[in-house]
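Report on the following structure.
The values are calculated or read from the model by the stated rules, or taken from the named source; none is laboratory data. Keep in mind it's a predicted model, so treat the numbers as computed, not measured. So basically every Cβ, Gly included, is an ideal-geometry build from the backbone, and we count neighbours across all protein chains shown. Surface areas here come from the heavy atoms of the whole protein model, side chains and all, with no ligands, DNA or RNA. Shrake-Rupley method; radii C 1.70, N 1.55, O 1.52, S 1.80 Å.
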Amino acid sequence: MAFQAVVFSLSKEEYAIPIEKVQEITRLAEIHPLPQAPDYVKGLIRIRGQAIPLIDLHAKFGIKAEGDSEYAIIIEMNGSLVGFAVEEVKEVSILENISPPPPLVNSHFIGGIVNLPDRIIVLIYPDRKSVV
């Protein structure tokens, strides 16, 4: 099964979110801290007058950040908008030949693996348990 996805990077790894989940992609500007929020919540960003929580995927996934997150991928999740802070949005691509996650991977939000000759892309389904 093939589908269109937004491919982004966290450190040197690539991930993808199905395009139908993405509302918009924006460059990060001011982030407003949110007291007593979990470590993976960077704060709030303002998009067209609406305050949207910004999730630091490096912290959520336990990946050491190699650079600053410069973009936010705004998605709708369970009826609310959420931003995912990412270093770079690489492309919008049609992904094919998606394999199921390896048996040792028990993260519900990982929907599959795309194994290309020169790279691996991990498919994320943000509305499944455990991403936020």
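What list of whole percents do you get for P(r) of the chain, with Cα-Cα distances grouped in 5 Å bins up to the one holding the largest distance?
It works out to 2, 10, 21, 25, 22, 13, 5, 3, 0, in whole percents.
Please check: in the Gaussian network model of the chain (C-alpha springs, under 10 Å), which one of Lys21, Lys90, Lys64 has the largest mean-square fluctuation.
Highest fluctuation of the listed residues: Lys64.
When a/c reaches 1.5 or more, the comparison of a/b and b/c decides; with that in mind, is the stretch 1-76 rounded, prolate or oblate per its Cα gyration tensor?
oblate
For the chain, give the share of DSSP beta bridges that are antiparallel, in percent and rounded to the nearest 5; count only bridges with both residues there.
Bridges in the chain are about 85 percent antiparallel.
In deg cm²/dmol and to the nearest 500, what is the mean residue ellipticity at 222 nm of the chain if only DSSP H runs of at least 4 residues count, each as -39500 (n - 2.57), divided by the residue total?
-500 deg cm²/dmol
Can you give the charge dipole size of the chain about its Cα centre, rounded to the nearest 20 debye, using +1 on the beta carbon of Lys and Arg and -1 on the beta carbon of Asp and Glu?
With Lys and Arg at +1 and Asp and Glu at -1, about 320 debye.
Can you put Val92, Val82 in order of accessible area, largest first, using a 1.4 Å probe?
Descending order: Val92, Val82.
Which residue fluctuates most in the GNM of the chain (Cα springs below 10 Å): Arg46, Arg27, Arg119?
It is Arg119.
Given a 1.4 Å probe, how much area per residue of the stretch 10-132 is accessible, in Å²?
Heavy-atom SASA per residue in the stretch 10-132 reads 59 Å².
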